[in-house]
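Here is the structure we will look at.
The values are calculated or read from the model by the stated rules, or taken from the named source; none is laboratory data. Only a predicted model underlies this, so the values are computations on that prediction, with no experimental measurement involved. Cβ placement follows ideal geometry from the backbone for every residue including glycine, while neighbour counts extend to all protein chains displayed.
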Ligand SMILES: Cc1cc2nc3c(=O)[nH]c(=O)nc-3n(C[C@H](O)[C@H](O)[C@H](O)COP(=O)(O)OP(=O)(O)OC[C@H]3O[C@@H](n4cnc5c(N)ncnc54)[C@H](O)[C@@H]3O)c2cc1C
């Protein structure tokens, strides 16, 4: 067998042109595209599947952990809060009321633990975290993106970039329509796996992980299930007579995987499904309330915490926890720690070399331990929103991403023409942040 082939040179059609091209429609990508578009840029969002949310919908990771700092104070609002408001209006989410955030009341803590909203080691307090319906999330995400005027393109897989010096001029996509290029002024990599950063030649850190496959059961006798000793293994979410099972393959699967390798993913998909079905059979036989339960659905995508993270201008480390910084563009709490926050600098969203690329979501430049907090869905909304605004500001000011003076721009710029909300002052010292400290569009009603 030949070990490689040489493909003939070919011409690739350029099918569209945009200011800011966001790739990957997870929580980071949808926030980046909406923020860029509301800031006045032409924004396009390209996603390989047919729905938005990424792990937050198709991975069945349907718990926003967390919007607070673990002391009862909201630190993430902005587009994440807007999503909660939208889901709330549809009666499609559950969360503690504001007056309960930070409460150490054991009864309340246990109530929210049952929803999967309190994690980590105690002593616990009630967190501002949210359980939601993933199908409603998908619909609201469609609306948020289209109402903001984002050009949404599903079913295209980014496979290449064309560069002119240190700038990306085009991204190449594969789909059933063939190979196509989209021209752009700036790119935001929200693929979760830093695909675009890798294609652009930027350094990344890779991780092998144990795969997860969250699943849902239905037709459960809730009274019996709630009082069962097996109780901590599953969570009541928004539906009736059903549970969410945060099932992981650690200690069950033979080896961890490189989730950027399709053969490793194939192995994990088949093996996790086999093991999950066996787990449902076990629950039916052993767990009170599950006698007549059935497997209502596997997550459509494996739960992969990490594949590759950018090694950007600045790598956020655990040592920077609770360290205020003037160049922060987003802030996040920590779902397993109380009273701990990370201030995320613009330099952790941008690469070392490529001058018109930003990265947001779970693949930002953070070390493995800081990533534990920055990968959470609210944090991905926040870095996505910051990346969208930052890229729009860089274009507006005619500067590279590395040349964007975050400190002087924070709170200083006038409202963008397409912004539908009040532009507040930036959030430094006046939490909750909206996710982005760049000209933060703080919703005054969102914070304490
Ligand atoms: C097992 C597990 C449990 C977790 N638990 C929680 C929790 O309880 N609460 C919480 O808040 N967070 C949790 N997290 C973290 C959180 O779910 C993710 O880190 C977060 O959703 C990532 O968002 P993202 O937008 O960065 O990436 P993703 O959600 O991975 O989105 C990336 C998107 O990009 C698309 N894409 C990828 N490559 C390409 C390409 N080349 N071309 C086009 N499109 C592409 C994908 O299809 C996807 O839609 C958990 C994660 C895991 C794995």
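Suppose we keep only residues that are surrounded by fewer than 18 Cβ atoms within 10 Å (Cβ to Cβ) and under 19 Å from residue 16 (Cα atoms) within region 128-150. Which one would you say is farthest from the ligand (Cβ to nearest atom)? Per the stated criteria, the residue is 149. Where strands (runs of 3 or more DSSP E) fall entirely within region 114-178, those with at least 1 residues that are within 25 Å of residue 77 (Cα to Cα) and modelled with pLDDT of 95 or more are at 130-132, 151-154. Look at region 102-119: where a residue is farther than 21 Å from residue 238 by Cβ and a partner is surrounded by fewer than 16 Cβ atoms within 10 Å (Cβ to Cβ), sitting 6+ places away or on another chain with Cβ atoms under 7 Å, you get 102/71; 104/123. Being surrounded by 17 or more Cβ atoms within 10 Å (Cβ to Cβ), within 16 Å of the ligand (Cβ to nearest atom) and either over 25 Å from the mean Cα position of the chain (by Cα) or in a strand (DSSP E or B) (or both) holds for only one residue in 271, 306, and it is 271.
Within region 68-80, does at least one residue satisfy the condition of being within 9 Å of the ligand (Cβ to nearest atom), assigned by TED's automatic domain parsing to the domain that holds residue 151, out of contact with any strand residue (DSSP E or B) (no Cβ under 6 Å at 6 or more places or on another chain) and assigned to a loop (DSSP other than H, G, I, E, B)? No: zero hits. Filtering region 179-219 to residues that are within 12 Å of the ligand (Cβ to nearest atom), surrounded by 21 or more Cβ atoms within 10 Å (Cβ to Cβ) and in a loop (DSSP other than H, G, I, E, B) leaves 190, 191, 192, 193, 194, 211, 213, 214.
Scanning region 94-113 for residues that are part of a loop (DSSP other than H, G, I, E, B) and crowded, with 16+ Cβ neighbours inside 10 Å gives 95, 96, 101, 102, 103. Within region 253-268, the residues that satisfy the criterion of being exposed (fewer than 15 other Cβ atoms within 10 Å of the Cβ) and at pLDDT below 95 are 254, 255. Only a single item in (1) within 14 Å of the ligand (Cβ to nearest atom); (2) in a loop (DSSP other than H, G, I, E, B) is not met by residue 84, and it is number (2). The residues of region 32-62 that are outside any loop (DSSP other than H, G, I, E, B) and near the ligand (Cβ under 8 Å from one of its atoms), listed by number, are 46, 47, 53, 54, 55, 56. Within region 319-344, the set of residues being under 18 Å from residue 388 (Cβ atoms) and crowded, with 24+ Cβ neighbours inside 10 Å comprises 328, 329, 330, 331, 332, 344.
The residue pairs whose first member lies in region 156-178 and is within 16 Å of residue 401 (Cα to Cα) and more than 15 Å from the ligand (Cβ to nearest atom), whose second member is in a strand (DSSP E or B) and at pLDDT 95 or above, and whose beta carbons are closer than 6 Å, counting only pairs six or more residues apart or on different chains, are 169/162. If the condition is being assigned to a loop (DSSP other than H, G, I, E, B) and more than 24 Å from residue 204 (Cβ to Cβ), then region 274-303 contributes 287, 288, 289, 290, 291, 292, 293, 299, 300.
Mind checking which strands (runs of 3 or more DSSP E) fall wholly inside region 311-391 and carry at least 1 residues that are within 15 Å of the ligand (Cβ to nearest atom) and farther than 27 Å from residue 166 by Cα? Working first, answer last.
Numbers: elements: 328-333, 341-345, 357-359.
Because the criterion is at least 1 residues that are within 15 Å of the ligand (Cβ to nearest atom) and farther than 27 Å from residue 166 by Cα, the strands (runs of 3 or more DSSP E) in region 311-391 that meet it are 328-333, 341-345.
Among the residues making up region 135-148, those that are touching a strand residue (DSSP E or B) at 6+ places or on another chain (Cβ under 7 Å) and under 26 Å from residue 246 (Cβ atoms) are 137, 138, 141.
Say we look at region 19-31 and pick out the residues that are within 15 Å of the ligand (Cβ to nearest atom) and in a strand (DSSP E or B); which of these is nearest to the chain's Cα centre (by Cα)?
It comes out as 26.
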